[in-house]
Amino acid sequence: MKEEKTGKSTTSRRSFIKKGAIASTVIVVPRHVLGGVGFTAPSDQLNLAAIGAGGKGFSDISNASVKGRERVVALCDVDFSGSAAKSVEKFPKAKLYQDYREMLEKEKDIDAVTISTPDHVHGPAAAFAMERNKHVYVQKPLTHNIREARLLTEMARKNKIVTQMGNQGGSNPLLGMVQKWVDSEAIGKISKVQVWTNRPVWPQGVAFPESDESQKPKDLNWDLWLGPAPQIPYTPNLHPFNWRGWWDYGTGALGDVGCHLIDIPFRTLGLMYPTDAESSVASIYTKMWTPDYHPKGCPTASFTTLHFGATVKSKSPIEMTWSDGGIRPSHPDIIPADNDIGGKGSSNGVLMIGEKGIISTNINDSSPLMPKLYLNDGTTEFGPEVESNEEPEYGHQRKWVDACKAGFNSEEHKALTSSFDYAGPMTETVLMGNLAIRSYMLGKEDNRGRMDFYGRKKLLWDGENMRITNLEEANQFVGRTYRKGWEV
C-alpha cells in the first residue's frame, strides 16, 4: 500500500512505521501471521471522522469504515440525542464533538472525514477540512451554491485531496450499459433530455415556520446547526430533515435528488456548464388574484430548462428539462402505454431522446437503475429491474477510502466516479436550476402596489466566470452571505 499525504509533515504515521521496520535489526513477522487472514494492522488503518453522524451520516461513516477495517476516531454532530446516537453505539471508542472546527483542530491524526450535514454546512465544513489536508467525502449536493462548488473543486486539486461526492449511484456498474448505448450511437444523435422527480416530500411552498425556543431539543446546539446561515431563534420543523425546503439551509428538490438524476445524462453525454437556464414555478392561491409569495422557501413545483453545447459524446446541442413536484413528461409513443417511464410508477426518471429511439432510466441513488432502450423500429433492450450488489451503495464510500490510502492521482483515485473534478461541475449544473428558480421569484412593488417579477426570463450563463450576463441581480444567488465566523 502506498500513500501520498500532504500537510506540515510529509511522513505519515504508516510510512514512518514502515521505514522504522526496515531500519531495525529486529526480524519483522508478517501481519497475516500475527493477525490472521484479513487482519489490517493499526498502522495501515485510516483514521476516519464523521461531520454529521445521524441520518445519512450513519451509513456514510459505517460504509467508510468497511466493516471495521478502518478506524473511526471521532464523531461530530450538533445533536447526539437524535439519530446520531446510532453512530455512537456502533463506534463507542470515537471521541464526540459538536463543533467540527474544534474536532479538526484537536484531532490531528484524522486522515479523512465524511460530511453528511444539511446542505448549507457542506461547503464550510469541507473547506475547513481540506485546508487541514484531510481527504473528504461530501454528501450530495456537493455544496449549497455554485461558488462553493467551484472553490472546493479548485482546492482539491491545489491541496492534492482525495474527494468523493455522495451520489452513490455514480458507482453503479449498470451505468456502463447506458454508456454503451450512448457511445455506440444506438439512438443516434441525442438532442433532448427530460428529468423529473416526485420530490418534494417535505413541507415546501408555504410560509416559514414560527420560532419557538421552548420546543428546542435539550441536546441540540442550535447555533452550530445554523452555521453560516443568519442567526434566528430556535425554529421547529427544520432540524433534522425539513430544512430542505428553505433556501438558507437547503436546495429543494433539485439539491436533494438532482445529483442522482442529472448525473446520468451529465456523465454519459460528457456535459459541462450549461449556456443558459430558465425556470417557472407553481403558484399557490389562498386568496383571489394574488399568488402566495414565500421567497424564503423553495416552490411547491418547478419546471426548468437548461441548454448545453455539443460535446464529443453528445455531438449535438442538448436541451435538458427538469420538473419536480410530481410533474412528469408525457409518455413517449414508442414506449408502450402500460410500461412505466423512468422508475416504478414513473415517479422519478430520465429520458434521453435521440433520432433513433429513447433511453429510459430510474433515479440512480440506491434504487435500481432500470436502464431500458427503446428504438423506433421496435427493438428493445432492458437491464435488470432488481440489482444484486455485493457491497452497500455500490462500494462508493469504500472506493473513496481505498483511494485515500493509495494517494492523490493514484489509479484508485482516478477511478473514482464522483471526485470533485467531476462532481463540482455537475453540482454547479444542478444548482444552476436553483439560481433560475430563485431569480424567477425576484420581485418588487411597482407604483401601483403590484409585484413586478423582473427575473422571469431566460438567463444567459458564463460558466467559466460564474456570471449571469443579462440580469445582474441574479448573480446574488451564485454565492451567499455568511454569518461571521463561518465564511468560505
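The values are calculated or read from the model by the stated rules, or taken from the named source; none is laboratory data. Because the structure is predicted, anything quoted here is derived from the model rather than measured. As a convention, Cβ positions derive from the backbone with ideal geometry for all residues, glycine included, and neighbour counts pool all protein chains shown.
Worth a mention:
- Qualifying residue in the stretch 77-92 (condition: modelled with pLDDT of 95 or more and within 27 Å of Phe408 (Cβ to Cβ)): yes
- The stretch 66-85 - residue that is under 15 Å from Gly54 (Cα atoms) and without any contact (Cβ under 8 Å) to a residue 60 or more places away in the chain and, of those, surrounded by the fewest Cβ atoms within 10 Å (Cβ to Cβ): Ala85
- Of all residues in the stretch 306-322 being in a loop (DSSP other than H, G, I, E, B) and on the phi < 0 side of the Ramachandran plot, the one that is surrounded by the fewest Cβ atoms within 10 Å (Cβ to Cβ): Val312
- Hits in the stretch 86-100 (condition: without any contact (Cβ under 8 Å) to a residue 12 or more places away in the chain and assigned to a helix (DSSP H, G or I)): Glu89
- No other residue among Thr251, Thr311, Thr305, Thr286 is without any contact (Cβ under 8 Å) to a residue 12 or more places away in the chain and β-branched (Val, Ile, Thr) apart from Thr286.
- Looking only at the stretch 239-270, and only at residues there that are of a type in the set (A, V, I, L, M, F, W, C) and out of contact with any Gly (no Cβ under 9 Å at 6 or more places or on another chain), the one that is surrounded by the most Cβ atoms within 10 Å (Cβ to Cβ): Val257
- Selection status of Ala186, of a type in the set (A, V, I, L, M, F, W, C), at pLDDT 95 or above, more than 24 Å from Thr143 (Cβ to Cβ) and assigned by TED's automatic domain parsing to the domain that holds Thr321: yes
- Pair list, Cβ < 8 Å and 6+ apart or interchain, from the stretch 320-348 residues that are aromatic (Phe, Trp, Tyr) to residues that are assigned to a loop (DSSP other than H, G, I, E, B): Trp322/Ile262
- Evaluated against (1) more than 16 Å from Met165 (Cβ to Cβ); (2) in contact with a strand residue (DSSP E or B) (Cβ under 8 Å, 6 or more places away or on another chain), Pro92 falls short on exactly one condition, (2).
- Residue within the stretch 454-470 that is buried (at least 18 other Cβ atoms within 10 Å of the Cβ), touching a residue at least 60 places away in the same chain (Cβ under 8 Å) and not in a loop (DSSP other than H, G, I, E, B) present: yes
- Flag if Arg398 is of a type in the set (Lys, Arg) and modelled with pLDDT under 95: no
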